[in-house]
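Below you'll find the structure, written out as structure tokens, and then a few comments.
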Amino acid sequence: MFNNRIRTAALAGAIAISTAASGVAIPAFAQETNPTFNINNGFNDADGSTIQPVEPVNHTEETLRDLTDSTGAYLEEFQYGNVEEIVEAYLQVQASADGFDPSEQAAYEAFEAARVRASQELAASAETITKTRESVAYALKADREATAAFEAYLSALRQVSVINDLIADANAKNKTDFAEIELYDVLYTDADISGDAPLLAPAYKELKDLQAEVDADFEWLGEFAIDNNEDNYVIRTHIPAVEALKAAIDSLVDTVEPLRADAIAKNIEAQKSDVLVRQLFLERATAQRDTLRVVEAIFATAARYVELYESDENVNVEGDTLRNHYVALLPTLFGAAFFNIDILDDADEAAELYYLEWDTDLGTNDEDAAYAEEKRQFALLTYAKVFINGIWQEEVKYVQNLDDGARAEAARVEAERLADEAYRAEQLRIAQEAADAQKAIADALAKEAENGNNNGGDNSSDDKETGSSDIGSWGPFAAIAAIIAAIAAIFPFLSGIVKF
């Protein structure tokens, strides 16, 4: 284990620095501002909270080591508490070309950059978990297939009990010269090849040796001169017994050999991986993910805290400013960091300790029982952390909801203001159009009046024919028609003046 006192002191320093810089956190997983992630009732791929079905893929232990080491390099400064490096990296103490910028905006950009980096690491960690689970599934599949192939091979070899019965019968009926044809030795019995992971190679070798011996003896029994004297002859019941033995041996060999080849091939493949070592990397990757969630939360809240400096959004909510609500998250967040880093330390140590120590391989290469127990303990820890980490997540979510509510209220007030301004602008436009129309009516009336004056005098004449019309006499009616047309034109605008 790492030195807890060093880590505690370092994180205490980080708390002090973050407090001085006005920092706390809302995690990206809680904000869910990216609709691409918020697809499964709030769970998202970026923080590894969605279900990820996996198929067996042979990501080697070396690959898993490198992937988790990459994330570990990022988290190392938090585990070891190198506060100076954290400050230099994220507050750009040395990187700024024009000297350190002490402004709040510069601090906001620094914390926001740190949040982005933490979010990227978190997303990569979630992918590592998926790859590690694929790797575990592959090793587990290889182990189970090897176990099944071994058991099929073992089951076939256990048929030697039938062979032994035929050996006894052939030996009993053997009347040939014992110097030429010896009695057959019995093979491994069922008891000999039972129990945990018996070695099957000796039993297979005896079977093959017996097959060769019986084949040679069968040829010898076919020698014409085998019945030369009364001490060296073959009785009529002996050859059928040997024939039965030979047939049984040949049949058993034909059955055993493909099963043996399959068992050897699958066991060799299974021996290339260790499901328990891969499981340890899964536990390490998960501990990294949980730690990264807190780290992301710290930097995200710090960025939001500084962003609220003299901002109109820093309103009073439930008796305090939003900034102070964020500050109140600090103790819980850093307590969560301590908790998750301790678990991560244990996972790092286990992965390092057992990476090359293959004593986790059991004698039968059947690691189901050991894996099942490790998986059970991992599941218990995982589900416990869901509730323990839920403490800080809920506190952050509460402040986020306050922030969202304040933003929603501000947006509502602004929307009402803009709507009122738009309504007033529309009414002014309608009024202006109505005034323009009224002026057009007045201009038309004035023009008509002027035309009437120009056509004044006695329009009656005795010289006009009866029934002829005087255009000038229709002038007033034309003016009235023009007025009606103008009123009809502006009527839609006049109707808008009255607000219902």
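The values are calculated or read from the model by the stated rules, or taken from the named source; none is laboratory data. Here the structure is a predicted model, which means the values were calculated and not measured. Every residue, glycine among them, receives a Cβ derived from its backbone with ideal geometry; neighbour counts consider all protein chains shown. Protein only, heavy atoms only, side chains kept; ligands, DNA and RNA dropped before computing areas. Shrake-Rupley method; radii C 1.70, N 1.55, O 1.52, S 1.80 Å.
Kindly provide the set of residues from region 348-359 that are open to solvent by 10 Å² or more (accessible area, probe 1.4 Å) and among the small types (Gly, Ala, Ser), ordered by number.
Within region 348-359, just Ala350 meets the criteria.
Among the residues of region 435-450, is any β-branched (Val, Ile, Thr), at pLDDT 85 or above and open to solvent by less than 60 Å² (accessible area, probe 1.4 Å)?
no
Condition first: part of a loop (DSSP other than H, G, I, E, B), touching a residue at least 40 places away in the same chain (Cβ under 8 Å) and not acidic (Asp, Glu). Now tell me which residues in region 272-309 satisfy that. Give the derivation first.
Filtering region 272-309 for residues part of a loop (DSSP other than H, G, I, E, B) gives 272-274, 308-309.
Checking the rest, the ones that are also touching a residue at least 40 places away in the same chain (Cβ under 8 Å) come to 272-274, 309.
Within region 272-309, Lys272, Ser273, Tyr309 meet the criteria.
Residue under question is Tyr383, and the condition is that it be open to solvent by 50 Å² or more (accessible area, probe 1.4 Å) and within 28 Å of the chain's Cα centre (by Cα); does it hold? Let's see the steps before the verdict.
On the way: open to solvent by 50 Å² or more (accessible area, probe 1.4 Å): yes; within 28 Å of the chain's Cα centre (by Cα): yes.
In short, yes.
Within region 303-347, how many residues turn out to be within 30 Å of Arg65 (Cα to Cα) and open to solvent by less than 20 Å² (accessible area, probe 1.4 Å)?
Summing the residues that are within 30 Å of Arg65 (Cα to Cα) and open to solvent by less than 20 Å² (accessible area, probe 1.4 Å) in region 303-347 gives 9.
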